[in-house]
Structures are given as C-alpha cells and as structure tokens.
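A short worksheet on the structure shown next.
The values are calculated or read from the model by the stated rules, or taken from the named source; none is laboratory data. Since we're looking at a predicted model, the values are computed, not measured. Using ideal geometry, Cβ is built from the backbone for each residue, glycine included, and neighbour counts are taken over all protein chains shown. Accessible surface areas use protein heavy atoms only, side chains included; no ligands, DNA or RNA. Shrake-Rupley method; radii C 1.70, N 1.55, O 1.52, S 1.80 Å.
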Amino acid sequence: MLTRKIKLWDINAHITCRLCNGYLIDATTVTECLHTFCRSCLVKYLEENNTCPTCRIVIHQSHPLQYIGHDRTMQDIVYKLVPGLQEAEMRKQREFYHKLGMEVPGDIKGETCSAKQHLDSHRNGETKADESSNKETSEEKQEEDNDYHRSDEQVSICLECNSSKLRGLKRKWIRCSAQATVLHLKKFIAKKLNLSSFNELDILCNEEILGKDHTLKFVVVTRWRFKVRHNSGVLLTY
C-alpha cells in the first residue's frame with residue numbers, strides 16, 4: 001500500500017483558531033456554520049459580537065453563546081497531530097490552579113497522567129502487540145474499579161423555580177460533575193417534576209437563558225464570575 005507523508009504546516013489552517021492563530025484548545029464549533037475556534041477565544045469574541053468570526057453569518061441576534069458546542073472529535077485530532085500540545089496544555093492548567101491556590105481538578109490530573117504514559121510508551125519503543133493487549137485489559141479493569149464521579153471536578157448548584165406554572169424541587173441543592181451539561185439538568189428537573197418533555201424548561205443564570213450544551217464548568221467561568229463566589233455554589237433558576 002502506498003503511503004504519503006503530509007507535513008504539519010500543510011494542514012495547520014484546519015487545526016488552528018482564526019482568532020488567536022494558535023492550535024485549537026478546548027475546540028468549540030458554531031452550530032450554524034460549523035466553524036471551529038478555541039472556546040475561550042470564541043466566548044470572549046461573542047461577548048461583543050453575534051456573528052461567526054470566519055464567515056460573518058449571524059449566529060443568533062441576542063444569545064449567540066447558546067449556539068456553540070464543544071467539539072471533542074476535533075480536539076482529539078489536534079492533540080494527536082501536534083506533538084506535546086496536550087501535555088503542555090495540561091501543565092499550563094496545573095500551574096494556573098496552583099497560582100490561584102486551588103486544588104487541581106481530578107479530570108486534569110487524569111488526562112495529564114494518561115498523556116505522559118502515552119508519550120513514554122512511544123519514546124521507549126517498547127510497545128508490542130501482546131503487551132498492548134494486556135495493558136488495555138488491565139486499564140479497562142482499573143477503570144471499572146475507579147469511581148470517576150468522585151475524582152471529577154465538582155460543582156454545587158441551587159435550582160430555584162422561577163415560574164408560577166411549575167412547582168419547586170423538594171431538594172433544590174445538588175452536587176454533580178462540572179462536566180454535566182444544562183441538558184442533563186433539564187432532563188433531571190423534568191423527571192423530578194413528571195413533565196412530558198424537558199423542552200418545556202429553560203434554565204437561567206443571572207437572568208440569562210443557558211444553552212443546552214453548556215457544561216456547568218462553562219457556566220461557572222462565563223456566567224458566575226460576575227457574582228461573589230460563595231461556598232454555597234451557583235444559583236440557577238428554571
């Protein structure tokens with residue numbers, strides 16, 4: 001079979017952010033036109049604009065942040081194509097948390113460890129077919145034994161009812177993974193209130209409707225930053 005080597009700079013235009021001209025980090029795609037950017041770059045840009053930075057199509061007149069979503073596939077591709085990028089990004093995140101005097105989230109620790117093991121195996125050149133198979137089996141067994149819900153970065157939220165048509169939850173305080181999305185919360189509330197569809201719900205933070213694909217970590221960083229952060233958590237209404 002014929003193979004052809006492709007140089008990295010030949011595909012740089014497809015894996016870099018148009019806003020910062022760097023490789024994509026936390027790749028986020030505009031659902032309207034499917035153009036992709038770094039999440040932090042795109043969020044900052046959409047605070048003052050409602051169009052796509054690439055094609056200038058209007059994403060949404062008033063709530064463009066509701067129409068963007070994390071592109072895990074693209075981010076995985078970028079990390080695999082660019083040597084050392086994932087390891088460097090995890091190191092920067094660890095340094096950021098240490099600088100703020102905060103504990104490094106469990107998911108960052110796990111990704112860093114996984115990336116280091118992956119790099120070491122390729123540098124040593126000792127990976128064989130049988131060894132790889134045995135290693136995968138042991139890793140799968142280890143994953144079954146671990147409780148990832150406890151090692152995930154956690155967030156505490158308060159769900160308050162802001163509608164006369166709905167009743168409030170008996171237990172309005174919940175603690176869950178920061179990777180949970182607003183859609184997860186909508187389904188949770190709909191199930192607790194015996195609603196026919198979760199589409200009947202809107203979840204707000206600071207009186208702004210949240211997009212269904214937003215993770216709770218994203219909400220904390222982009223919406224709750226204007227409030228004084230208490231240990232009690234984030235207040236959301238529905």
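Restricting attention to region 84-96, and to residues there that are of a type outside the set (Lys, Arg) and open to solvent by less than 80 Å² (accessible area, probe 1.4 Å), which single residue is farthest from Phe218 (Cα to Cα)? Can you show your working first?
So in region 84-96, the residues of a type outside the set (Lys, Arg) come out as 84-90, 93, 95-96.
Imposing the further condition that a residue be open to solvent by less than 80 Å² (accessible area, probe 1.4 Å) reduces the set to 84-90, 93.
On the way: Gly84: 25, Leu85: 22, Gln86: 20, Glu87: 22, Ala88: 21, Glu89: 18, Met90: 17, Gln93: 15 Å.
Across region 84-96, the extreme among qualifying residues is Gly84.
Tell me, yes or no, whether region 22-40 has at least one residue that is open to solvent by 40 Å² or more (accessible area, probe 1.4 Å), over 24 Å from Leu216 (Cβ atoms) and polar (S, T, N, Q). Checking region 22-40: not a single residue is open to solvent by 40 Å² or more (accessible area, probe 1.4 Å), over 24 Å from Leu216 (Cβ atoms) and polar (S, T, N, Q).
Only residues that are surrounded by fewer than 20 Cβ atoms within 10 Å (Cβ to Cβ) and within 13 Å of the chain's Cα centre (by Cα) were counted in region 44-70, giving 2. Checked against (1) in contact (Cβ under 8 Å) with a residue 24 or more places away in the chain; (2) surrounded by 14 or more Cβ atoms within 10 Å (Cβ to Cβ); (3) within 30 Å of Asp202 (Cβ to Cβ), Leu81 passes all but a single condition, namely (3).
Based on this model, can you work out whether Gly106 counts as under 27 Å from Gln154 (Cα atoms), modelled with pLDDT under 90 and touching a strand residue (DSSP E or B) at 6+ places or on another chain (Cβ under 7 Å)? Reasoning before the result, please.
Numbers: under 27 Å from Gln154 (Cα atoms): yes; modelled with pLDDT under 90: yes; touching a strand residue (DSSP E or B) at 6+ places or on another chain (Cβ under 7 Å): no.
Considered against the rule, which asks whether it is under 27 Å from Gln154 (Cα atoms), modelled with pLDDT under 90 and touching a strand residue (DSSP E or B) at 6+ places or on another chain (Cβ under 7 Å), Gly106 comes out as no.
Of the strands (runs of 3 or more DSSP E) lying entirely inside region 26-83, those containing at least 3 residues that are in contact with an Asp or Glu (Cβ under 7 Å, 6 or more places away or on another chain) are 27-30. Within region 6-35, residues that are farther than 18 Å from Gln86 by Cα reach partners that are of a type in the set (Ser, Thr, Tyr) and in a loop (DSSP other than H, G, I, E, B) with beta carbons closer than 7 Å, at six or more positions or on different chains, in the pairs Arg18/Thr54; His35/Thr54.
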